[in-house]
Amino acid sequence: MNHDQTLRAVLFVVFLVILPIGVYHRLQSQATRETLDRRQEGLFILATLRPVGAAFWIGLIAWMVDPGWMEWSSVSLPVWLRWTGVGVIAVACGLLVWTFRSLGRNLTDTVVTRQKHTLVVQGPYSWIRHPLYDSAALLTVAVSLIAANWFLFVTGVVIFCLLMIRTRTEVENLVVRFGDRYRTYMERTGRFLPRISANRRGA
């Protein structure tokens, strides 16, 4: 078995484990059967985020099925660096599951808050305000290293940049919903990285 086959097998097992967990938490969050107005994200995000996300996943699935299909965007990486991606994806999945458990039924795939949305400040949210996006960034780095593929890296970076833009609307909605409680929360936490000092603005 060559390195591509081994790494594909590892990636397959990782997704086989993490996918049911994600589906479970998604179904739990949709138990209220609320209709979320994704138009609040704005036309630009609606027209770009999900299509780019689909391109990322199609590329990743194509590589997992047959690396030859993604040969056009492959790069030469040392084997040890590709295996580093396995460690990174383990961290990404751990953060993702921790975030799911902390969010509970507050989980959404958009900027809209649910009717019974609560302000989550436990778990990873004790330090950072957007751990889901951090998970996405780590996942991008991990699969790009494992697959040794620049297309996955570029599309993943574009997704993260779009998510950063989307956070503006998300924060506006949370401030409207929770007012000074959320402003105080923002003062003591970082956006994507924990605060280094109390006087420093969020990363």
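The values are calculated or read from the model by the stated rules, or taken from the named source; none is laboratory data. Because the structure is a prediction, the values reported are computed rather than measured. Every residue, glycine among them, receives a Cβ derived from its backbone with ideal geometry; neighbour counts consider all protein chains shown. Protein only, heavy atoms only, side chains kept; ligands, DNA and RNA dropped before computing areas. Shrake-Rupley method; radii C 1.70, N 1.55, O 1.52, S 1.80 Å.
Within segment 31-43, track down each residue that is over 19 Å from the mean Cα position of the chain (by Cα) and either polar (S, T, N, Q) or modelled with pLDDT of 75 or more (or both).
Going through segment 31-43, the residues over 19 Å from the mean Cα position of the chain (by Cα) turn out to be 31-37, 39-40, 42-43.
Selection gives Thr32, Thr35, Gln40, Gly42, Leu43.
Cβ separations smaller than 6 Å between residues 6+ apart or across chains give the following pairs from segment 69-82 residues that are among the charged types (D, E, K, R) to residues that are in a loop (DSSP other than H, G, I, E, B): Arg82/Ala148.
Considering only residues in segment 154-189 that are open to solvent by less than 60 Å² (accessible area, probe 1.4 Å) and free of Cβ contacts under 8 Å to residues at least 12 places away in the same chain, the one that is nearest to the chain's Cα centre (by Cα) turns out to be Val175. When Asp180, Asp109 are checked against the criterion of being under 17 Å from His25 (Cβ atoms) and acidic (Asp, Glu), a single residue qualifies: Asp109.
In segment 99-130, what residues are at pLDDT 85 or above, at negative phi, of a type outside the set (A, V, I, L, M) and in contact with a Ser or Thr (Cβ under 8 Å, 6 or more places away or on another chain)? Residues satisfying the conditions are Thr99, Gln122, Pro124, Tyr125, Ser126, Trp127, Arg129, His130.
Out of segment 1-17, which residues are in contact with a helix residue (DSSP H, G or I) (Cβ under 7 Å, 6 or more places away or on another chain) and modelled with pLDDT under 90? Let's see the steps before the verdict.
Just the residues of segment 1-17 that are in contact with a helix residue (DSSP H, G or I) (Cβ under 7 Å, 6 or more places away or on another chain), to begin with: 3-4, 7-8, 10-12, 14.
The answer is His3, Asp4.
Lys116 meets the conditions (1) surrounded by fewer than 14 Cβ atoms within 10 Å (Cβ to Cβ); (2) out of contact with any helix residue (DSSP H, G or I) (no Cβ under 8 Å at 6 or more places or on another chain); (3) not hydroxyl-bearing (Ser, Thr, Tyr) in every case but one. The failed one is (2). Listed residues Glu172, Glu187; which is more than 24 Å from Arg105 (Cβ to Cβ) and among the acidic types (Asp, Glu)? After applying the criteria, what remains is Glu187. Restricting Thr99, Thr108 to residues that are surrounded by 16 or more Cβ atoms within 10 Å (Cβ to Cβ), under 17 Å from the mean Cα position of the chain (by Cα) and not in a helix (DSSP H, G or I) narrows the list to Thr108.
No other residue among Gly53, Gly85, Gly94 is surrounded by fewer than 16 Cβ atoms within 10 Å (Cβ to Cβ) and small (Gly, Ala, Ser) apart from Gly94.
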